[in-house]
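Engineer: Attaching a single structure in structure tokens format; questions to follow.
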Amino acid sequence: MRGLFVVFEGVDGAGKSSQLARLAARVEGAGREVVRLVEPTHGPIGGEIRRRAREGPPLSAREELDLFLADRRQNVAGNVLPALARGAVVLQDRYYFSTAAYQAARPELGLSPADVVGLHDGWAPRPDLVLLLDLPVARGLERVARRGPGDAFEEVGRQEAVRRTLLDLAGGDARFAVVDAGLGEEAVAEQVWARVAPLLAAAEGP
């Protein structure tokens, strides 16, 4: 069986984590090994990104980008590529599309979304499918607020820019599937499964 790489993207509060968990259970029920990942990771570099976003002092745009790239390199080498090589289904919450969107929302960096995506050429594997759970920012932040104090990534203007960029990326990339995350959780899960099931069948091989 061929490995499969599926990425969930969307603004904060779009339901990525819960939908990834639902999909993981369904894929495992179909008899496939599932590897669940998230970026930033829970390793040392990812932990530093989370801490600085939550507690400060703020990272400069360049520092933030460099930390995300370093965290991703470790994740790709240590987790993504080995899992795909043994035929596992990798389900990941955020990938370089988020980095492109969030960095484009910091104009002081001076890089476009395409520039940031291009920094991953040659070493970051392309996903088989990117599930963009699309939700208005206000609704997403309402959900986030119910979870407790937020962080530096959850500022409204930045989230609006992130949503626009992710939709722009989706419009020019056939790997993207845009899912209305404002529907009920069950309905969203069915839309997700409708896009993943054909890829699973194709990955079974002859």
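Engineer: Among the residues of segment 50-66, which ones are farther than 17 Å from Arg106 by Cα and either within 21 Å of the chain's Cα centre (by Cα) or surrounded by 12 or more Cβ atoms within 10 Å (Cβ to Cβ) (or both)?
Structural biologist: Listed by number, the residues that qualify are Arg50, Arg51, Arg54.
Engineer: When you look at Leu91, is it in contact with a Phe, Trp or Tyr (Cβ under 8 Å, 6 or more places away or on another chain) and either surrounded by fewer than 20 Cβ atoms within 10 Å (Cβ to Cβ) or part of a loop (DSSP other than H, G, I, E, B) (or both), yes or no?
Structural biologist: Considered against the rule, which asks whether it is in contact with a Phe, Trp or Tyr (Cβ under 8 Å, 6 or more places away or on another chain) and either surrounded by fewer than 20 Cβ atoms within 10 Å (Cβ to Cβ) or part of a loop (DSSP other than H, G, I, E, B) (or both), Leu91 comes out as no.
Engineer: Restricting attention to segment 189-206, which residues are of a type in the set (A, V, I, L, M, F, W, C), in contact with a strand residue (DSSP E or B) (Cβ under 7 Å, 6 or more places away or on another chain) and either farther than 19 Å from Leu84 by Cβ or at pLDDT 95 or above (or both)? Full working, then the answer.
Structural biologist: Here is the first cut: in segment 189-206, the ones of a type in the set (A, V, I, L, M, F, W, C) are 189, 192-194, 196-197, 199-203.
After this cut, where a residue has to be in contact with a strand residue (DSSP E or B) (Cβ under 7 Å, 6 or more places away or on another chain) as well, the list is 192, 196, 199-200, 203.
The answer is Val192, Val196, Leu199, Leu200.
Engineer: List the number of the failed condition for Glu186; all other conditions in (1) loosely packed, with under 14 Cβ neighbours inside 10 Å; (2) assigned to a helix (DSSP H, G or I); (3) at pLDDT below 95; (4) not hydrophobic (A, V, I, L, M, F, W, C) hold.
Structural biologist: Result: Glu186 fails condition (3) only.
Engineer: Continuing with this model, one more query. Could you check Phe68 against (1) outside any helix (DSSP H, G or I); (2) within 26 Å of Pro113 (Cβ to Cβ) and say which number it fails?
Structural biologist: The number of the failed condition is (1).
Engineer: From the list Val192, Val130, Val179, Val196, exactly one residue is part of a strand (DSSP E or B), under 21 Å from Phe5 (Cα atoms) and touching a Leu at 6+ places or on another chain (Cβ under 7 Å). Which is it?
Structural biologist: Val179
Engineer: Which one of these does Ala100 not meet: (1) surrounded by fewer than 17 Cβ atoms within 10 Å (Cβ to Cβ); (2) part of a helix (DSSP H, G or I)?
Structural biologist: (1)
Engineer: Next question. Out of Val80, Val34, Val38, I need the residue that is within 25 Å of Phe176 (Cα to Cα) and touching a Phe, Trp or Tyr at 6+ places or on another chain (Cβ under 8 Å). Which one?
Structural biologist: Details: Val34 fails: touching a Phe, Trp or Tyr at 6+ places or on another chain (Cβ under 8 Å); Val38 fails: touching a Phe, Trp or Tyr at 6+ places or on another chain (Cβ under 8 Å).
Matching residue, one of Val80, Val34, Val38: Val80.
Engineer: Does at least one position in segment 129-151 carry a residue that is crowded, with 18+ Cβ neighbours inside 10 Å, touching a Phe, Trp or Tyr at 6+ places or on another chain (Cβ under 8 Å) and more than 24 Å from Ala194 (Cβ to Cβ)?
Structural biologist: Checking segment 129-151: not a single residue is crowded, with 18+ Cβ neighbours inside 10 Å, touching a Phe, Trp or Tyr at 6+ places or on another chain (Cβ under 8 Å) and more than 24 Å from Ala194 (Cβ to Cβ).
Engineer: Same structure, new question: Go through segment 118-163 and give me each residue that's within 23 Å of Leu37 (Cβ to Cβ), at pLDDT below 95 and among the aliphatic types (A, V, I, L, M).
Structural biologist: Leu135, Val144, Ala152, Val162
Engineer: Something else about it: Tell me which residues, restricted to segment 154-176, are loosely packed, with under 13 Cβ neighbours inside 10 Å and in a helix (DSSP H, G or I).
Structural biologist: Residues satisfying the conditions are Val156, Gly157, Gly171.
Engineer: Identify all residues within segment 15-51 that are without any contact (Cβ under 8 Å) to a residue 40 or more places away in the chain and part of a helix (DSSP H, G or I); write none if there are none.
Structural biologist: Within segment 15-51, Ala21, Ala25, Glu28, Gly29, Pro44, Ile45, Gly46, Gly47, Glu48, Ile49, Arg51 qualify.
The values are calculated or read from the model by the stated rules, or taken from the named source; none is laboratory data. These figures come from a predicted structure and were not determined experimentally. Positions of Cβ are generated from backbone atoms using ideal geometry, with glycine treated the same way; all protein chains shown enter the neighbour counts.
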